[in-house]
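A quick write-up on the structure given underneath.
The values are calculated or read from the model by the stated rules, or taken from the named source; none is laboratory data. Remember, predicted model here, so these are calculated numbers, not experimental data. Reconstructed Cβ throughout: ideal geometry from the backbone, glycine too, with neighbour counts over all protein chains shown.
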Amino acid sequence: MGAVISGRLPVKDLPGYWIVQVVGGLLAGTVLYVIASGKPGFEATGNMAANGYGDHSPNNYTMAAVFIAEALLTAFFLIVVLGATDDRAPAGFGPLAIGLTLTLIHLISIPISNTSVNPARSTAVAFFNGNGAPGQLWLFWVAPLLGGLIGGILYPLLFEDGKLALGRSSEPNAA
């Protein structure tokens with residue numbers, strides 16, 4: 001959503017992008033579950049790194065604290081991704097900036113929520129984990145989408161002379 005708001009992705013591509021992300025996440029979650037189930041005595045409940053708040057947060061953070069952390073960290077991450085992939089950014093440093101930022105985000109938020117910043121990542125393991133994760137999944141869709149919206153609005157306002165370009169593609173001659 002943030003990429004659409006900032007003009008990096010055409011609106012028409014958004015549903016397909018979301019579908020592919022969620023399906024890919026579910027396939028990856030399935031593979032992780034199959035591998036982990038190969039250990040005698042393994043139980044998925046509480047062991048699939050599902051996101052959560054309250055009793056399901058690694059350190060019992062409240063729903064409000066988790067929501068704020070997920071939304072703000074997602075916004076920050078999107079701003080870094082948009083900046084690192086901007087035509088004005090130095091070539092070749094984008095992956096480093098993005099990877100280091102995602103590492104920092106994980107160091108900050110694993111103790112808070114097990115880190116989402118991507119609804120597909122949260123969906124990928126929620127249903128295997130059980131233990132309250134499916135019932136809390138809504139937050140790990142709403143907060144990152146809000147964060148994406150915030151980042152998608154802030155990046156052009158801060159770094160592109162305030163030009164919001166809803167759904168505009170950065171490709172030449174694209175609508």
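The table below lists the values:
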{"item": "Evaluation of ILE110 against (1) surrounded by 18 or more Cβ atoms within 10 Å (Cβ to Cβ); (2) more than 18 Å from MET1 (Cβ to Cβ); (3) under 14 Å from the mean Cα position of the chain (by Cα); (4) not aromatic (Phe, Trp, Tyr) (one fails), failing number", "result": "(1)"}
{"item": "Members of segment 47-63 that are in a loop (DSSP other than H, G, I, E, B) and more than 10 Å from ALA126 (Cα to Cα)", "result": "ASN47, TYR53, SER57, PRO58, ASN59, ASN60, TYR61, THR62"}
{"item": "Evaluation of ARG88 against (1) under 29 Å from GLY152 (Cα atoms); (2) surrounded by 16 or more Cβ atoms within 10 Å (Cβ to Cβ); (3) over 17 Å from the mean Cα position of the chain (by Cα) (one fails), failing number", "result": "(2)"}
{"item": "Search result, residues across segment 94-125 that are outside any helix (DSSP H, G or I), touching a helix residue (DSSP H, G or I) at 6+ places or on another chain (Cβ under 7 Å) and not hydroxyl-bearing (Ser, Thr, Tyr)", "result": "VAL117, ASN118"}
{"item": "Candidates GLY25, GLY54, filtered to the one that is surrounded by 12 or more Cβ atoms within 10 Å (Cβ to Cβ) and on the phi > 0 side of the Ramachandran plot", "result": "GLY54"}
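Matching residues to (1) under 28 Å from ILE5 (Cα atoms); (2) modelled with pLDDT of 95 or more; (3) out of contact with any strand residue (DSSP E or B) (no Cβ under 7 Å at 6 or more places or on another chain):
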residue: GLY46; (1), (2), (3): no, no, yes
residue: VAL66; (1), (2), (3): yes, yes, yes
residue: THR74; (1), (2), (3): yes, yes, yes
residue: ILE79; (1), (2), (3): yes, yes, yes
residue: ALA91; (1), (2), (3): yes, no, yes
residue: LEU100; (1), (2), (3): yes, yes, yes
residue: THR103; (1), (2), (3): yes, yes, yes
residue: PHE128; (1), (2), (3): no, no, yes
